[in-house]
Structure formats: C-alpha cells, structure tokens
Ligand code: PLP
C-alpha cells in the first residue's frame, strides 16, 4: 500500500491545471480559444543564444558531470550584468548560486531556513510556488495582504507582533505577479529595516526585473543599503531572454544563504548542462537590445489592451511592470465564476485571482503573451457579453 508522507498533504494542488483542463475542453470542441491565463512567454529565444547552445553541445567537457554549483564563467556573467544594470557588486564565488530556474531556489530557500513552527511571511495575492516550499519545510504561512490602495505593497507595520517574532523568511516579488505593481526604493529600505529588527531573511523574487514600463526601470532589492546582509534576490533568464524552457536562474546576495542553496541544489541536481550554462552566459554578456525590444513589445501590447478595455468600459489601473494585467471582475461575479463565463461564452481564458490567494478574489489576471490583435480581440469578445458599460 502506498502511503504518502504527511508533507505531501501540505503541497498546494495545481489550481491552474484545472484552468488548462477547462480551456482544452473548449479547444477540443473546435473553439478558437484565446489563452490569456498562462504566464508562458510567446516569443522564441534570440537566435544568437540558440546558436551558442548548438555549438557548445559538441564540447566533450560538458558531457561529464558539471562542477558542483556550476561553472565560474556563468557566475561571473551574472555578476557583470548586475554591476552594469544596477551598480550592485557581487562576489561570483560566494554570492551567486546557479539554479534550475528561479522556481527551484524559491522552493529550496524555505527548506534551508524554516523549521516546523517557524513563520514565513508570504504576499497575498502571490506566486503559488512560495507556498510549496513552506509546506515542504513544515512551517507556517502568514499572509501579507497586497491591497490596491497601498500600490500592492505589503504594510509591514500591520504584521502581527507574534507572527513577526516567529518569522524567519519573507517573500516579496516586484515587478509583481499577478498585480503588475512595481516597488519603490523606500519600500525596500523599510523591508531591510524590518528584516534587521526581526531577524528575518528576505527573498526578493525579481523574475520580471527586466520588464518595466513608461520609462521606469524596476529597481533591484540588492540596490538597497544593507540588502545583502539580510537577503537574496532570485533572478531568472526565463522572461528577460525568452528562455523559460531552458531553466536558468540564480540566487544572488547573502553569502550564507547562497551557500545553503548551493548545497541543497548539489544534492538534488548537481548543476545545469554546461552547454546551457555557456549559452546563458552569452545571453547575459552579449548584446542586450533583445531585452529592450521585448520590454517595448510588452508595453505596446499593454497599451493596446488598455485602449480596448476603455472602449468596452472595463476600468482598471495599468501595470507598471511584469507582463500581467490585474483587472477587477464585474459586480455579482467571483473571480472563478467570471473566468468560467468568459471561457464558455467568449472563448477567452483568464486566470481567476483567487488562485493567487484569498486577497486575489475579485480580480482576474490577463497575460500580455499574445499578439496585440489577439489581445484586442479577446477584450472585444468579453465586451460583447454586456457585463460592462462603455
Ligand atoms: N517567480 C515568479 C513571480 C514567476 O511568475 C515565475 C514564473 O512564472 C517564476 C518566479 C519562476 O521562473 P523560472 O523558474 O522560470 O525562473
């Protein structure tokens, strides 16, 4: 008889798998479904990066086990990128861990730092992978509401003293998934103070760090004075270089935390294929115009989508970064009932906000991962349901 370990019960089920199932059922009926529910970049990896992998795959050095914690050249490449982009100095030996995508590190950091009975402060709404690590560590989550009136930044003064006292780890994520909010340097400075006062480690998830709109470049948490003493930043090539399938990410910052993450990574995975590491290094050190044009493309899509929303009377605030739009559902609907309606009656997939936490109720998330024409068509189809007044 197979008996799952107790920790398996704490793992959140894949809420969005249900959504994919419902969308596939519509597609199977022959419907032309526009999927704005997922977060998978729709563009290919720039060709110079693909060509580097093709060439590097033939190098016999990479056919053996890679070195523990990865190749030095990739750690140097990401340190160079941070220096150029943010003015942040990182010691490639001690302050950089190479990950299988940001996701693995975001789960592993909880295992590195949390014991049963410890508290982890988690944004609500937020990226569900934070929950998984906390569940695997057998620790407790305390949700920090992200409210529209606070610009979707958590109110650190509102954290209950008994939770703050038991807290060992705090997640933050800007540019934010799902709300599209961006953080201010003042907020990060407050977060460092909170971490120092409460002995809490900060995990800054910077997955959308490259995607900022209206001329605003998102700030890195590591630019904050004192940040490296209290935290690490998770950085990934998935969105910045359209490399989601390659699984390349990093933990950067506090040397003690980085060393724990390196150790746990080594036990699970050893390290990434060397050819991928070489191509990833080229992504980081080669021409960066691909990143600028990607951001410009998302901004133009965002603007086209918001013009269309305005025409149908769907009022919402524009995201400042990431590739997500966070829109309120009309009166009388929950995020799930609204998502079901637009799927069944308009053949458009949107992600129900409740899948990101209780405070996501009342909203849906739309991804800017289809062409402008398809985004506009999706909004027009929703407009025809007559739920909004133009
Ligand atoms: N963090 C956030 C907020 C995300 O939305 C994602 C991916 O969708 C990730 C991290 C993980 O990125 P990856 O594992 O591809 O680096």
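Count of region 123-132 residues, restricted to those that are modelled with pLDDT of 95 or more and away from the ligand (no atom under 12 Å from the Cβ), is 1.
Report, by residue number, each residue of region 19-33 that is closer than 17 Å to residue 335 by Cα and touching a helix residue (DSSP H, G or I) at 6+ places or on another chain (Cβ under 9 Å). Matches in region 19-33: 19, 22, 23. Considering 310, 315, the condition of being more than 29 Å from residue 132 (Cβ to Cβ) and part of a loop (DSSP other than H, G, I, E, B) is satisfied by 315 alone.
This table checks each residue for (1) within 16 Å of the ligand (Cβ to nearest atom); (2) assigned to a helix (DSSP H, G or I); (3) under 30 Å from residue 217 (Cα atoms); (4) touching a strand residue (DSSP E or B) at 6+ places or on another chain (Cβ under 9 Å).
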| residue | (1), (2), (3), (4) |
| --- | --- |
| 3 | no, no, no, no |
| 7 | no, yes, no, no |
| 19 | yes, yes, no, yes |
| 24 | no, yes, no, no |
| 67 | no, no, no, no |
| 74 | yes, yes, yes, yes |
| 80 | no, yes, yes, no |
| 90 | no, no, yes, yes |
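Identify the residue in region 350-362 that is surrounded by fewer than 24 Cβ atoms within 10 Å (Cβ to Cβ) and in contact with a helix residue (DSSP H, G or I) (Cβ under 7 Å, 6 or more places away or on another chain) and, among all such residues, is nearest to residue 27 (Cα to Cα). That would be 355. Scanning region 92-106 for residues being under 21 Å from residue 274 (Cβ atoms) and more than 12 Å from the ligand (Cβ to nearest atom) gives a total of 4.
Residue check: is residue 311 in the same structural domain as residue 188 (by TED's automatic domain parsing) and touching a helix residue (DSSP H, G or I) at 6+ places or on another chain (Cβ under 9 Å)? So residue 311 fails the test. Looking across region 361-390, the residues that are in contact with a strand residue (DSSP E or B) (Cβ under 7 Å, 6 or more places away or on another chain) and assigned to a helix (DSSP H, G or I) come down to 374, 377, 378, 381, 382. Within region 261-292, the residues that satisfy the criterion of being buried (at least 21 other Cβ atoms within 10 Å of the Cβ) and within 16 Å of the ligand (Cβ to nearest atom) are 261, 265, 271, 272, 276, 277, 279, 280, 283, 284. Counting just the residues of region 138-155 that are out of contact with any strand residue (DSSP E or B) (no Cβ under 8 Å at 6 or more places or on another chain) and over 17 Å from residue 354 (Cα atoms), which one comes out surrounded by the fewest Cβ atoms within 10 Å (Cβ to Cβ)? Checking each candidate, the answer is 149.
The values are calculated or read from the model by the stated rules, or taken from the named source; none is laboratory data. Bear in mind the structure is a predicted one, so any value in this text is a computation, not a measurement. With ideal geometry, Cβ positions are generated from the backbone for all residues, glycine too; neighbour counts draw on all protein chains shown.
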